[in-house]
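All remarks here apply to the structure that follows.
Values in this text are rule-based calculations from the coordinates and carry no lab data. This structure is a prediction, so every number in the text was calculated from the model and none was measured. Here the Cβ positions follow ideal geometry from the backbone for every residue, glycine too, while neighbour counts run over all protein chains shown.
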There are 2 protein chains.
Amino acid sequence: MSKQELEVLGQDTDGACCERLASAPLDEDRATELAGVFKALGDPVRLRLLSMIASRDGGEVCVCELTPAFDLSQPTISHHLKLLRQAGLIDCERRGTWVYYWALPEALARLASFLTVPQSAGANA
Amino acid sequence: MSKQELEVLGQDTDGACCERLASAPLDEDRATELAGVFKALGDPVRLRLLSMIASRDGGEVCVCELTPAFDLSQPTISHHLKLLRQAGLIDCERRGTWVYYWALPEALARLASFLTVPQSAGANA
DNA sequence: GGCTTGTATCGATGTTCGTCTATGCAACCT
DNA sequence: AGGTTGCATAGACGAACATCGATACAAGCC
């Protein structure tokens, strides 16, 4: 249940000279990959799920705790969790009866640095 | 043509103690607002458009330069630019015959800091 | 073994989205 | 004024998506 997510976000762990939205025009394939990740964030339910998971101190959240937090059916929540996992933002493991999800902070960090504007870059607005 | 974008991304310009995905669970309304912005980034064409605009040194790009870069009709590009503008990520101005678009770096910066993981926060993956 | 509970998958359905063609509007040029 | 070019808007259409109920699977309990 644990190795289905895409490996879309680059590998430079130091986060120094990474790929950036505002550095050079994205090529088509890369844009498609990254758009998939942003699309996973582009739903209020998934954003709340990810926030609930990522802000958890222990790092892990049981599905049984996530589902009742929404006015949605259990299959719907399960579906959203699957999409977040396929986007590489979270992962999960079954332990006995329950399934636990946790965030993948490196994925979030890479996304954040991708959006970071290098230096001056406009200064409009 | 220039005051249609939403004001969804918060106001703290110092970027220090800002709202963060992994700090506390998002409430429903805020999640809906932010999801709208991520949804705007969740399309390959829009991501390439934004990248082309944000990476431009002068800061501005003429639509007449964006449209021919895609295998899409001119109205389709215009539609995507409109969505990016409504998300508060870019803005535009008509100057004579041509319309120029530029990125709003503060919006990108706020998104980036929103995704930034505070400290340890898991260390899994 | 059978029952119960937690979670995932399947199939259907209404809505949203990306794209197109056709058209409208704004600015330039004779 | 009339024609041309650049860009936006309107309406239509197929594909993708969010949601549901029904069902399957996994694990614990009796």
Quiz item: How large is the charge dipole for segment B:29-115, taken about the Cα centre, if only the Cβ atoms of Lys, Arg (+1) and Asp, Glu (-1) carry charge, to the nearest 20 debye?
Solution: 100 debye
Quiz prompt | Calculated label separations, B:ASP29, copies of the chain, 7 Å along the beta-carbon direction, nm | solution = 4.5
Practice problem: State the percent of C-alpha pairs, over all pairs in segment B:29-115, separated by a distance greater than 19 angstrom. | Solution: 35 percent
Quiz item: Nm distances between the label at B:TRP98 and the same-position labels in the remaining copies, 7 Å along Cα→Cβ, shortest first?
Solution: 6.0
Self-check item: Across the identical copies, how the B:HIS79 labels are spaced - nm, sorted shortest first, 7 Å along Cα→Cβ
Solution: 2.4
